[in-house]
Amino acid sequence: GGTFTMGCTGEQGGDCWDDEKPAHSVTLGDYYIGETEVTVAQFRAFINETGYQTDADKSGDSYIWNGSSWELKSGVNWRCGADGRVRSSSEDNHPVIHVSWNDAKSFCEWLSRKTGANFRLPTEAEWEFAARGGNKSKGYKYSGSDNIGSVAWYDGNSGSKTHPVKGKAPNELGLYDMSGNVWEWCQDWKGSYSGASQTNPEGSYSGSYRVLRGGGWGNNARYCRVADRGDYTPDFRISYFGFRLVFR
């Protein structure tokens, strides 16, 4: 934990969106955050043990990029890659995708029951503090560097697909893929920032959209910045949404 300035800080330059303003001081208590995004293998263990049906399983489809547009394709779920085809076991160490916020929350609840630890999704503030390098931060635009290609899989180098976790350099805290590879669900409802200082903020108390952070393989560099904010409905799934874990 520690204190940092969240939002549109100087190193973000002219790339900030309005929802990143105003920048504000946030203080966080200590917490643990996953070194990587949750992988296909880890998510499979959850499915095999519980028989859980994801939102994509229940609806029978998820969104993929077909090379020219986003397509809602039938038969696509967490077992599939970015192209909608079922992954081979050689991709077990890729981040799981086609998972909704609801699915990520259910995974956290299962792991909490299994281990006795309080696993959950990171708050938006916890995610950003960690992405910035925590108390070891060097003030980078992306998580671990000002050179996006060294730390992130994005539209300039991904080949329109996910890549194994730990394939790029880590940030100052030893965390991988916090910029790029896949967007990561956060605990919070999306809301506007306040300029007031905050301690352990949990975002809005209600809303229609849950926060996503970090950008993904299909995004340009602007969306992979540590301050960028995404959002979508809790049941939405697509080929570049995943998640990582936190516990205190």
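A few notes on this one:
- Filtering region 119-136 to residues that are of a type in the set (S, T, N, Q) and either without any contact (Cβ under 8 Å) to a residue 40 or more places away in the chain or crowded, with 21+ Cβ neighbours inside 10 Å (or both) leaves only Thr123.
- Test: residue in region 156-168 that is aliphatic (A, V, I, L, M), over 22 Å from Asp103 (Cβ atoms) and open to solvent by less than 30 Å² (accessible area, probe 1.4 Å): no
- Criterion violated by Trp183 - all others in (1) open to solvent by 10 Å² or more (accessible area, probe 1.4 Å); (2) over 11 Å from the mean Cα position of the chain (by Cα) satisfied: (2)
- Residues that are within 22 Å of Tyr31 (Cβ to Cβ) and without any contact (Cβ under 8 Å) to a residue 60 or more places away in the chain within region 206-230 comprise Leu212, Gly230, listed in sequence order.
- Residues that are under 27 Å from Phe129 (Cβ atoms), of a type in the set (Lys, Arg) and out of contact with any strand residue (DSSP E or B) (no Cβ under 9 Å at 6 or more places or on another chain) are absent from region 86-109.
- Taking first residues from region 189-205 that are at pLDDT 95 or above and partners that are among the hydrophobic types (A, V, I, L, M, F, W, C) and open to solvent by 60 Å² or more (accessible area, probe 1.4 Å), no Cβ contact under 9 Å between residues at least 6 apart in sequence or on separate chains turns up.
The values are calculated or read from the model by the stated rules, or taken from the named source; none is laboratory data. Given the structure is predicted, the values throughout are model-derived calculations rather than measurements. We place every Cβ from the backbone using ideal geometry, glycine too, and count neighbours over all the protein chains shown. Surface areas here come from the heavy atoms of the whole protein model, side chains and all, with no ligands, DNA or RNA. Shrake-Rupley method; radii C 1.70, N 1.55, O 1.52, S 1.80 Å.
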